[in-house]
1. Just from its helices, what would the mean residue ellipticity at 222 nm be for the chain, if runs of 4 or more DSSP H residues each count -39500 (n - 2.57) and the sum is divided by every residue, rounded to the nearest 500 deg cm²/dmol?
2. Give the calculated FRET efficiency between Asp27 and His107 to the nearest 0.05, with a Förster radius of 25 Å applied to their Cβ-Cβ distance.
3. What is the range 84-222 by shape, rounded, prolate or oblate, if you read a ≥ b ≥ c off the alpha carbon gyration tensor as root eigenvalues and call it rounded for a/c under 1.5, prolate for a/b larger than b/c, and oblate otherwise?
4. Need one number: nm distance between label points at Leu17 and Leu185, each 7 Å from Cα along Cα→Cβ, rounded to one decimal.
5. So what's the gap between the Cα centers of the range 47-109 and the range 142-170, to the nearest angstrom?
6. Roughly what angle does helix 53-65 make with the longest principal axis of the chain, taking Cα atoms, 0 to 90 degrees, to the nearest 10?
7. Order of 16-27, 38-49, 179-190 by packing, highest average Cβ count within 10 Å first?
Amino acid sequence: MKDLVDESKSAAPLGALGAAITRELRDLILSGGLEPERRLIVQELADRFGTSRGPIRDSLRQLRAEGLVVPHGRRGVQVATLTAAEARETVAIRQAVEPVAAEFALHRGPDQLEQCLAERLGAMRGAAEAGDWSALVTTDMELHAVFYELSGVARLQRLWDGMRLPVLHTFRLHRRYYTSPDPLLAEHENLLALVRMRDAELVATFLRGHIGGLVDDLAERLG
């Protein structure tokens, strides 16, 4: 029983070790290194990080407060996943907000936006060439993150931070896009070409259609 997380306690301020463990676990979850519904065992994590169970419990309470892990069984936790309704909501929010973030980013720093998109598109190509489906999903998400990161609008950046895990889950639902990646890469090359034209309206219109395709795919998959 000592290995279980006490759900009755709220997340307390973390010490330096707990904060470092939380950052690493958060990064693993958001990058897909820890898959949705993966059960997290306190003792296994303590062994992995070379620490006692206390900092692990503190970290898991913090991650639960952030919505990245959820209760599992009797006082255990697992990596969060999405319901069908949450998946639809996430894609609908992206379709409304991401074109706005892209317009801000393009007006604020077109050269920087172009450079960052080109770099992340290169990472997508590398993942596709390696046949690494998980990395392709993650690099696709990180490419779209550029619009929020470079928007210069704090609210948009916070919105993206809160959506990272749901967005990752929705990307994973679209596996057919990643098993045959050539059309996906071509779409993102077209997006980069529009950014190079410095036409914010065309970029926004393209993104609405691009994300709209995911809406249609979700409707087909989830009913």
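1. Helix contribution divided over all residues of the chain: -24500 deg cm²/dmol.
2. Working from the Cβ atoms, E equals 0.25.
3. The shape class here is oblate.
4. 4.6
5. With the range 47-109 and the range 142-170 each reduced to a Cα centre, they are spaced 12 Å.
6. Helix 53-65 and the main axis of the chain meet at about 40 degrees.
7. Taking the mean over residues of other Cβ atoms within 10 Å, the ranking is 16-27, 38-49, 179-190.
Any read-out appearing in this document is the output of simple, stated calculations on the displayed coordinates, not a laboratory observation. Everything numeric here is computed off the predicted structure, so don't read it as measured data. Neighbour counts are summed over all protein chains in view; Cβ atoms, including those assigned to glycine, are modelled from backbone coordinates with ideal geometry.
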